[in-house]
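Have a look at the structure below before the remarks.
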Amino acid sequence: MRRFSAVLASLRQRFGRTPRWTIAVVAVASIAVSFVVFKAVQHRKTDVPVPGVPYSELATALDAHQVRRLSVEDGGTRLVAELTGPRHIGSANTTRVSAEVQKGAVGLGDLERWSARGARVEVEGPGRLPEDPVSFVVSFVLIGVTLMLVARLRAGVVSGGKKFEKVAEDRQLTLADVGGAKEARADLHDVILFLKDPSRFKKMGARCPSGVLLVGPPGTGKTLLARAVAGEAGVPVLVASGSEFGEMYVGVGARRVRDLASKARHHGRCIIFIDEFDSIGGKRGRPNRTSEEDLTLNQLLVEMDGMAGSEGIVWMAATNREDMLDPAVRRPGRFDRVVEVGMPTAADRLEILKVHAAKRPLDTDVDLRELSTLTVGYSGAELANLLNEAAIIAVHAESAAITRSHLDQARDKILLGRVRAGVVVSDEERRLIALHEAGHAVVGIITCPEDRLHKVTIEPRGRSLGAAHFAPDTDRHLHSRRYLEGIIAKALGGRAAELVFLGPEAVTSGAGSDLVHATSVARRMVAEFGMSEEVGLVSADPSAHNGAPSAQLQGEIDTAVRALMANQASRAESIVRKHAVALDAIARALVDRGVLMASEVLAIAADQGVPLKESIERTELVEA
Ligand code: ATP
């Protein structure tokens, strides 16, 4: 017995908790196999040798009312008869005889006649296996597969299977693991108090929010916050993703919601966290929504109403698309508390970097404060990834700690992609790429002084053959028309350089992604930000038009976008012409060295008379 338990334990360790459907399938399969084995054995037992007699003799006995039971076997080629009295055959008396017949020789009329004469007729007598072993195996396999599918389907319907398990953490997360997000933490304080002691709220007649919606861009720590709240309150968290409720089978999503809720009730005080909530909580009745999705949402609302916060269970959900949610989701008693989890500010980034740096050895040359200013626009997940990549680089370099250089390399790897050492670029192409990138750099320095040049490279990385990398050095929440036009001009600077230095016939496909970027900025300026005189102060957002905007408006937007792009292209071209000497010098230096840091580019540009005193000062300040 102890041995059996040990085997069970080791199986459990190896395969985790066995899902219910597996148990069901194994049980059914075992019963089926046992049945077949039992029948085969029984068949063997009953298949004791029966003395054979000529068919004519047996037919006479049948017609003479001397047969009690007749079994027609082997597809009608063998008759086995149980006689009413013993008959002497060979050296012994027997009451059972058999006779071989031609297939088809015994017809239905014969059987009816013999039956009328007292014989109990059985076709394919008991205990016989089907004749054809292949069809037997095929039918057995088909039955098995069908049973398995039914069991799987039922598993999806009846239980959550391995879904919706309580998350097993190697350790409980707490708010100390969350950097920044001060407002979100403050908003969640009530929830922690409620989960710790729901009775305190009950006594006061206070209703704690039973549903909290965490809204924010990807990677800003929504899931992390839900887990940290659970950790602070010392309660488990059941994690599900909205997409897990989507099923083609009717009723499965709703059943899963019920299952999730009943699991939560079983736990008592806990958090139910649903990620990607918009895929379940989207507006009902929308054209692209299925009725199954509506059913699932209805079930969720019913479950939430049923709990109404009284059981110490808090629903938390995360979404990036609050606008997609059904209004019923936000009604009091449901997800009535909305917590915004925005992109981290510089101070938040510093806190997040500190959280992740605490687990890693950092060299003294690493300045996290500086790093937080160099990572404008990074989400918490991207910051965590940056430190992780730097740690990997440090491991490869066999370094004892993560240095500033490792972090620089990690940043380049994330922003520009991994260096592709295997790509062979001809000298002619190198010169061309250098001109293109120098074009971006020179135009960008002049038209986008808000963004700081970081470096220019013609090393093939990721999917690009070169890059002029600019990054804002401070958080900006609003962008002026001048800045956005500068962004378009900077993106078109590469093509402008090709045009000026090589002529219209020699321009290359290298501007493809630049055009995508520039066009999307131009379209937003025209269609969303009201920055075009031709179109005026009109938004093309479908919500402002109860559907798609009119064809006329779309046509006007296209014309205005084209005009804006053309203006910025000629602006970029004239800057390139004006500073062709500086651009050529930067391109030559790039061909020589492959990578130029901002200070080197700016020094060459300044030598050649490009007006960029402010940029140089700013770069020196940050790089000092
Ligand atoms: P998504 O919307 O894509 O599901 P999310 O907002 O739920 O993303 P998380 O999954 O919580 O983001 O974050 C991913 C990882 O990023 C976390 O495990 C953590 O390592 C890191 N992270 C994100 N935000 C923070 C933060 N504020 N403090 C510390 N680490 C963070």
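Less than 15 Å apart at the alpha-carbon level, and either on another chain or at least 8 residues along: which aspartates and glutamates does that give for LYS202?
LYS202 reaches ASP190, GLU311.
Remind me, relative contact order of region 302-391 in percent, using alpha carbon pairs under 8 angstrom and six or more residues apart? Kindly include the intermediate steps, with their values, before the conclusion.
Numbers: 50 pairs, mean separation 25.0, N = 90.
It comes to 28 percent, rounded to a whole number.
Net charge within 12 Å of THR519 by Cβ-Cβ distance, Lys/Arg positive one each and Asp/Glu negative one each, not counting THR519 itself? Each step should come with its number before you reach the end.
Numbers: positive: ARG523, ARG524, ARG562; negative: ASP514, ASP558.
Counting the neighbours of THR519, the net charge comes to +1.
Per 0.36 nm of contour for each residue apart, how much would the distance between GLU112 and VAL395 grow if the chain were fully extended, relative to their Cα-Cα spacing? Write out the running numbers ahead of the final one.
Values: separation 283, 0.36 × 283 = 101.88 nm, distance 8.84 nm.
Net length gain for the segment: 93.0 nm.
Please give the per residue accessible area of region 169-340, computed with a probe of 1.4 Å over protein heavy atoms only, in Å².
Details: 7580 Å² over 172 residues.
Dividing the accessible area of region 169-340 by its residue count gives 44 Å².
Per residue, how much accessible surface does region 427-607 expose to a 1.4 Å probe? Answer in Å², no decimals.
About 47 Å² of surface per residue is accessible.
List every residue whose amide H lies under 5 Å from the amide H of PHE470, counting only residues 5 or more places away in sequence or on a different chain, with H placed 1.01 Å from N in the peptide plane.
Those lying under 5 Å, H to H, from PHE470 are HIS454.
On the protein heavy atoms, probe 1.4 angstrom, tell me the percent of accessible surface of region 269-339 carried by carbon and sulfur.
48
Can you flag which of LYS196/LYS359; LYS182/LYS222; LYS490/LYS578; LYS182/LYS354 are past 18 Å Cα-Cα? Please list the in-between numbers first.
Working: LYS196/LYS359 29 Å; LYS182/LYS222 13 Å; LYS490/LYS578 15 Å; LYS182/LYS354 15 Å.
Beyond 18 Å between Cα atoms: LYS196/LYS359.
Carbon and sulfur: what percent of region 350-439's accessible surface (1.4 Å probe)?
Carbon with sulfur: 52 percent of the solvent-accessible area.
For the pair TYR483/GLU600, report the inter-label distance in nm, with labels modelled 7 Å from Cα in the Cβ direction.
Once both label points are built, they end up 3.0 nm from each other.
The values are calculated or read from the model by the stated rules, or taken from the named source; none is laboratory data. Please read these numbers as outputs of a predicted model, since none were measured by experiment. Reconstructed Cβ throughout: ideal geometry from the backbone, glycine too, with neighbour counts over all protein chains shown. What goes into the accessible areas is simple: the full protein's heavy atoms, side chains included, and nothing from ligands, DNA or RNA. Shrake-Rupley method; radii C 1.70, N 1.55, O 1.52, S 1.80 Å.
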